[in-house]
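Participant: Quick one: the structure is below, questions incoming.
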Amino acid sequence: MKRKLGCLHAHYSNIDYIEKALSSYDIELIHFVDPALMHRVTFDKTFKAAEAQNKVKQQIEWIAQCNVDAILITCTNYIAVLQEEELSTSIPIYKIDEPYFEIISNIKQPQTILFTNPATVNGTMERLNQYASKHKKTLNIDVIVIDNTFELIMKGLKQEYDREISKYLSKIIKRDKIISVAQLSMVDAAKEVEYMTSNPIINPLDTLISSVVSQLKIDKITGGI
């Protein structure tokens, strides 16, 4: 029986990432997008944390009622404000950053994590530090925000957004430096620079897919003759 995964995104551009990554698996994806919440969390200083928490709670419970087997949250900011103990559903919730945390917390060398959205940094790093502490890992991480880029993706200017990220990555990448991008929206640019330079860049999409496939027990789609 085909599994059904409800995906909650902060921006429409994230749909394509998940669709392509899971295109060879026997799974039905249902996408829910709310860029307005991300916009308010990022740019509206009067928007209270409790309001964001309540909105995400409503979204998750709405998706849970759509006959899905599990829910995937692709926005790190949504994950940071989610209060799972307050949910009225027990449906499995997969968070894009948890498999990513597992990979980078096992790295002992100094590493750099890149963001484009300043409003995402504190919540993500707090969760990462909690993860590392729980698993008794020591982190040596430099956090960098690529300034004046996130508003491009929020305006739908993805090519310009990718170009700015690629430019920055190309400037700082070195063979002996471990770099990762923390946001799904940064993956295309990271993969392009990785291909051009042959230097690996860790991203949350690659780590996520293997985790979702394993936990949901999804099969690959077999071809014809």
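The values are calculated or read from the model by the stated rules, or taken from the named source; none is laboratory data. Not measured: the values here are computed from a predicted model. Methodologically, a virtual Cβ is constructed for each residue, glycine included, from the backbone with ideal geometry; neighbour enumeration extends over all protein chains shown.
Participant: When you scan the range 45-55, do you find a residue that is touching a residue at least 60 places away in the same chain (Cβ under 8 Å), out of contact with any helix residue (DSSP H, G or I) (no Cβ under 6 Å at 6 or more places or on another chain) and closer than 27 Å to residue 122 by Cβ, even just one?
Facilitator: Checking the range 45-55: not a single residue is touching a residue at least 60 places away in the same chain (Cβ under 8 Å), out of contact with any helix residue (DSSP H, G or I) (no Cβ under 6 Å at 6 or more places or on another chain) and closer than 27 Å to residue 122 by Cβ.
To keep it simple, each residue is scored yes or no on (1) surrounded by fewer than 21 Cβ atoms within 10 Å (Cβ to Cβ); (2) more than 14 Å from the chain's Cα centre (by Cα); (3) closer than 18 Å to residue 5 by Cα; (4) of a type in the set (Lys, Arg).
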site: 27; (1), (2), (3), (4): yes, yes, yes, no
site: 46; (1), (2), (3), (4): yes, yes, no, no
site: 52; (1), (2), (3), (4): yes, yes, no, no
site: 55; (1), (2), (3), (4): yes, yes, no, yes
site: 62; (1), (2), (3), (4): yes, yes, yes, no
site: 71; (1), (2), (3), (4): no, no, yes, no
site: 77; (1), (2), (3), (4): no, no, no, no
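Participant: Just one of the numbered conditions (1) in a helix (DSSP H, G or I); (2) under 18 Å from residue 76 (Cβ atoms); (3) touching a residue at least 12 places away in the same chain (Cβ under 8 Å) is not true of residue 162; which one?
Facilitator: Among (1) in a helix (DSSP H, G or I); (2) under 18 Å from residue 76 (Cβ atoms); (3) touching a residue at least 12 places away in the same chain (Cβ under 8 Å), the lone unmet condition for residue 162 is (2).
Participant: Going through the range 117-148 one residue at a time, which ones are basic (Lys, Arg) and surrounded by fewer than 17 Cβ atoms within 10 Å (Cβ to Cβ)?
Facilitator: Residues satisfying the conditions are 134, 136.
Participant: Just checking: which of the strands (runs of 3 or more DSSP E) contained wholly in the range 44-130 hold 1 or more residues that are in contact with an Asp or Glu (Cβ under 6 Å, 6 or more places away or on another chain) and closer than 30 Å to residue 163 by Cα?
Facilitator: By residue number, 111-115.
Participant: Considering only residues that are over 19 Å from the mean Cα position of the chain (by Cα) and in contact (Cβ under 8 Å) with a residue 24 or more places away in the chain, look in the range 119-141 and name the one that is nearest to residue 173 (Cα to Cα).
Facilitator: 140
Participant: Exactly one condition in (1) at pLDDT 90 or above; (2) among the hydroxyl-bearing types (Ser, Thr, Tyr); (3) not in a loop (DSSP other than H, G, I, E, B) is not met by residue 138; state its number.
Facilitator: Of (1) at pLDDT 90 or above; (2) among the hydroxyl-bearing types (Ser, Thr, Tyr); (3) not in a loop (DSSP other than H, G, I, E, B), only one is false for residue 138: (3).
Participant: May I pose another question? Scan the range 196-213 and report the pairs whose first residue is more than 15 Å from residue 179 (Cα to Cα) and whose second residue is among the β-branched types (Val, Ile, Thr), with Cβ atoms within less than 7 Å and a gap of 6+ or a chain change.
Facilitator: From residues that are more than 15 Å from residue 179 (Cα to Cα), the pairs are 208/96.
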